[in-house]
1. Highest mean first, how do 197-208, 333-344, 176-187 rank when packing is the count of other Cβ atoms within 10 Å averaged over residues?
2. Any lysines with Cα under 30 Å of the K355 Cα? List them, leaving off those in the same chain fewer than 8 positions away.
3. Over segment 200-326, one equal point on each Cα, no solvent: what is log10 I(q)/I(0) by the Debye formula at q = 0.09, 0.12, 0.13 Å⁻¹?
4. Largest first and to the nearest Å, give the Cα extent of segment 1-59 along each principal axis.
5. Would you mind counting up the charge near S96? Only other residues with Cβ under 14 Å from its Cβ, with Lys and Arg at +1 and Asp and Glu at -1.
6. Quick one: give the max-minus-min coordinate of the C-alpha atoms of segment 12-131 along each principal axis, largest first, in Å.
7. At a temperature of 10 °C and a viscosity of 1.306 mPa s, determine how fast segment 89-198 diffuses translationally according to Stokes-Einstein, using the Kirkwood radius over alpha-carbon pairs as Rh; express D in µm²/s, rounded to the nearest whole number.
8. Using every pair of alpha-carbon atoms in segment 297-341, split the distances into 10 Å bins beginning at 0 and state the percent of pairs per bin, rounded to integers.
Amino acid sequence: MNVGKLLSELAANKADETAIIFNESQYSYGNLNATANSLAEYLSGDGIKQGDNIAVILPNCPEFAFVYFAVSKLGAVFCPIDIRLSEPETNHILSSTKTKICFTFPDFPNKEKLSRSVRIIDIAGEEFSSLVINPGDHRNITTDISEVDTALYLHTSGTTGVPKIVELSYANLDCFPEAMKNCTVKGEDEVLGIILPMSHISGPIILNLLLSEKCRLVIIDSINPLSLFENIARHKITYFHAVPPIFSLMLKSGLAERYDTSSLDIIAMMGTSVPVSLMNAFKKAFPHVVVLQGYGLTETSPLVTLTKREDADLKRASIGTLVDGAEALIIDENGKPLGEGEIGELIVKGPMVMK
């Protein structure tokens with residue numbers, strides 16, 4: 001997926017249509033493309049070229065999308081970093097990815113402790129604001145890319161030790177939208193919601209899904225049930241995914257009766273083992289919603305398996321079937337395949353697997 005080129009094409013055809021909603025602000029496809037061009041031209045003038053690394057340390061906000069699309073237009077590498085990481089962990093990522101510029105938010109506590117070899121740009125500063133508040137007319141920037149080129153540097157800390165860098169290619173970026181085709185069936189009428197940290201893989205994959213579906217995205221910056229219910233009701237969100245504790249909070253909040261959730265079509269419970277009791281309780285509270293779960297990793301872009309829409313009620317305890325192109329085996333400690341009902345290690349290969 002050539003993200004920058006796809007955004008340019010959508011801006012030409014849907015310039016005045018809303019792409020992103022955040023609190024009281026709305027951004028059209030035309031505005032999104034103009035802002036990305038403005039930032040891309042600025043970065044290019046600062047010496048950033050194809051293959052260079054640009055990092056962001058940002059909470060959920062439109063600026064995350066602005067930078068992502070600008071970096072994509074240049075064919076550079078986008079590296080989102082979790083705002084909760086410690087200073088040594090953050091600097092390890094900046095160093096190991098050879099980051100040249102890092103965008104941060106004003107309240108980031110470790111800003112002064114970041115590597116001096118990295119140029120820091122505050123999204124609340126005049127420099128950034130002048131580029132995005134009134135982006136004006138800039139040449140439309142796109143870059144020819146190869147599918148094997150690196151698009152993302154993500155980090156994962158699922159085991160002990162320093163964060164490990166996951167390198168995803170432009171070909172990998174096609175995998176999530178392709179896997180979701182059976183689920184997000186409303187096309188341009190889809191309204192996506194993002195509540196999980198955009199600094200994880202959820203940010204880039206939802207922005208890619210936004211473009212592939214030609215729809216709109218609601219960015220939610222507060223992980224609490226009140227904010228989620230308000231955004232669903234106000235903006236008619238049709239799909240979002242989250243970790244099980246968020247759905248548990250929704251059920252325990254007692255807010256379901258106060259808000260119109262009729263627009264909600266699909267939710268997906270991801271990120272950890274999902275209790276069937278939670279899925280059953282959510283379906284009982286919201287009988288009109290298709291409740292899915294799947295399995296995946298940052299290293300697999302991220303889906304390996306996903307429940308099919310038509311199987312959702314019949315196979316609620318299942319993590320679903322393999323997404324297109326994925327191959328999987330369960331093996332023993334000697335690498336030999338195991339049979340049904342046996343416990344071993346899951347190994348995966350396919351176009352979704354990282355470089």
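The values are calculated or read from the model by the stated rules, or taken from the named source; none is laboratory data. Computed from a predicted model, the values in this text were never measured in an experiment. Cβ sites come from the backbone with ideal geometry, for glycine too, and all protein chains shown count toward neighbours. Just so you know, the surface numbers come from the protein's heavy atoms only, side chains and all, with ligands and any DNA or RNA stripped out. Shrake-Rupley method; radii C 1.70, N 1.55, O 1.52, S 1.80 Å.
1. Numbers: 197-208: 22.7, 333-344: 8.8, 176-187: 17.8.
Order by mean packing, descending: 197-208, 176-187, 333-344.
2. Partners within reach: K5, K49, K73, K98, K100, K164, K181, K214, K308, K336.
3. -0.25, -0.45, -0.53
4. 32, 27, 22
5. Details: positive: K98, K100, K164; negative: E89, E167.
Result for the neighbourhood of S96: +1.
6. Taking the Cα atoms of segment 12-131, the three principal extents are 44, 31, 22 Å.
7. Details: Rh = 17.7 Å.
Roughly 90 µm²/s, to the nearest whole number.
8. Bin by bin from 0 Å, the calculated values are 23, 40, 34, 4.
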